[in-house]
Amino acid sequence: EDKVVQSPLSLVVHEGDTVTLNCSYEVTNFRSLLWYKQEKKAPTFLFMLTSSGIEKKSGRLSSILDKKELFSILNITATQTGDSAIYLCAVERETSGSRLTFGEGTQLTVNP
Amino acid sequence: DAGVIQSPRHEVTEMGQEVTLRCKPISGHNSLFWYRQTMMRGLELLIYFNNNVPIDDSGMPEDRFSAKMPNASFSTLKIQPSEPRDSAVYFCASSPLGVGQPQHFGDGTRLSIL
């Protein structure tokens, strides 16, 4: 059974801090790892990672995948209160179509 | 562009009643997914369709749950009879078929069974 473990489960920081969120996984026939941000409603897509060592970047957010050690990190620099959300990590198998297995998520709170 | 549209946004009903949740995927997306999110279990896949055909329903909790996709622009998730433990947020997501296509989620239906 596929397994995704995120850490920490909860994190409280001050505006301007840099945070690193972790995601480790066990999956048969790995295809990709995805990061989503969930505020009050729908999870919104951030990144899809398929290759090791290639950083994906969008503004203050960046992510990288290590397929040898089976983990990914999501970095947020110069955090803002609008970054407060649950960050979800998910993995996709080669053989499962688009089926995703999600981790529990990291609840990030950014205080002013 | 319109995203994934779900209805109703909130549903409160008494146990034993039938509940029907609706989803309109993004136009052109051939894969549709139903998820359930709870504090205890996080986000779990219930069932997904490719080209209107159910591919994997192993996440459907029991026979009280059923899902249909009669055409490319509409899907329903039905619970009958409903029970308090079914209370959760139910999300629908869609994506194009093929490799490297992320799923896009609707805003969800918050279901409360009393």
Total charge of the residues flanking B:Gly100 in space, meaning their Cβ is under 10 Å from its Cβ, with Lys and Arg +1 and Asp and Glu -1, is 0
Inter-part gap, Cα centre of segment B:48-96 to Cα centre of segment B:23-44, in whole angstrom, is 8
For the protein assembly as shown, the dipole about the Cα centre with charges only on Cβ (Lys and Arg +1, Asp and Glu -1), to the nearest 20 debye, works out at 420
Among A:Lys40/A:Lys68; A:Lys41/A:Lys67; A:Lys3/A:Lys56; A:Lys56/B:Lys68; A:Lys41/A:Lys68; A:Lys3/B:Lys24, the pairs whose Cα-Cα distance exceeds 25 Å are A:Lys40/A:Lys68; A:Lys41/A:Lys67; A:Lys56/B:Lys68; A:Lys41/A:Lys68; A:Lys3/B:Lys24
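Test of the criteria: in segment A:1-94, which GluC sites (Glu not before Pro) are in a DSSP loop and have at most 15 other Cβ atoms within 10 angstrom of their Cβ?
Numbers: sites: A:Glu1, A:Glu15, A:Glu26, A:Glu39, A:Glu55, A:Glu69, A:Glu92, A:Glu94; in loops: A:Glu1, A:Glu15, A:Glu39, A:Glu55, A:Glu69, A:Glu94.
Qualifying residues, ordered by number: A:Glu1, A:Glu15, A:Glu39, A:Glu55, A:Glu69, A:Glu94.
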Within the set B:Met15, B:Met40, B:Met60, GNM on chain B using Cα springs under 10 Å gives the largest fluctuation to B:Met40
Expressed in nanometres to one decimal, the distance between label points 7 Å along Cα→Cβ at A:Glu1 and A:Glu15 is 4.3
Taking Cα pairs closer than 8 Å and at least 6 residues apart, the relative contact order of chain A in percent is 37
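Net charge near A:Leu108, counting Lys/Arg +1 and Asp/Glu -1 over other residues with Cβ under 11 Å of its Cβ?
Working: positive: A:Lys37; negative: A:Asp17, A:Glu39, A:Asp83.
Here the charged neighbours net out to -2.
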Sparse-neighbourhood loop hits (trypsin sites (Lys or Arg not before Pro), segment A:12-112; DSSP loop; Cβ within 10 Å at most 15 others) -> A:Lys40, A:Lys41, A:Arg60, A:Lys67, A:Lys68
In whole Hz, the Karplus estimates of ³J(HN,Hα) for segment A:39-44 (6.51, -1.76, 1.60; θ = phi - 60°; x where Gly or Pro) are 8, 7, 10, 6, x, 10
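Any idea what the dipole of chain B comes to, in debye rounded to 20, about its Cα centre with Lys/Arg Cβ at +1 and Asp/Glu Cβ at -1? Walk me through the numbers on the way to the answer.
Values: 10 positive and 12 negative charges, 39 e Å.
Dipole of chain B, to the nearest 20 debye: 180 debye.
Taking 8 Å as the Cα distance limit and 6 or more residues as the minimum spacing, I'd like the relative contact order of chain B as a percentage. Don't skip to the end; give the middle numbers.
Values: 283 pairs, mean separation 42.3, N = 114.
Result for chain B is 37 percent.
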Rounded to the nearest Å, the spacing of the alpha-carbon centers of segment A:63-111 and segment A:32-56 is 6
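Averaged over its residues, how many other protein chain Cβ atoms are within 10 Å of peptide B:27-37's Cβ atoms? If you can, show how the numbers build up before the last one.
On the way: counts 0, 0, 0, 1, 3, 1, 4, 0, 3, 0, 6.
Whole-number average of other-chain Cβ neighbours for B:27-37 is 2.
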Taking the protein assembly as shown, the whole-percent share of alpha-carbon pairs separated by over 25 angstrom is 41
When the charge dipole of chain B is computed with +1 at the Cβ of Lys and Arg and -1 at the Cβ of Asp and Glu, the Cα pointing farthest to the positive end, of B:Gly59, B:His104, B:Thr20, is that of B:His104
Toy charge model, Lys and Arg Cβ at +1, Asp and Glu Cβ at -1: segment A:33-112 dipole around Cα centroid in debye, rounded to 20, equals 180
Fewest-first ordering of B:Leu97, B:Leu32, B:Leu77, A:Leu108 by Cβ atoms within 10 Å yields B:Leu97, A:Leu108, B:Leu77, B:Leu32
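We did not get these values from a lab; they are worked out from the coordinates using the rules stated. What you see is a predicted model, and the numbers here were worked out from it, not measured in a lab. Here the Cβ is made from the backbone with ideal geometry for all residues, glycine too, and neighbour counts use every protein chain on show.
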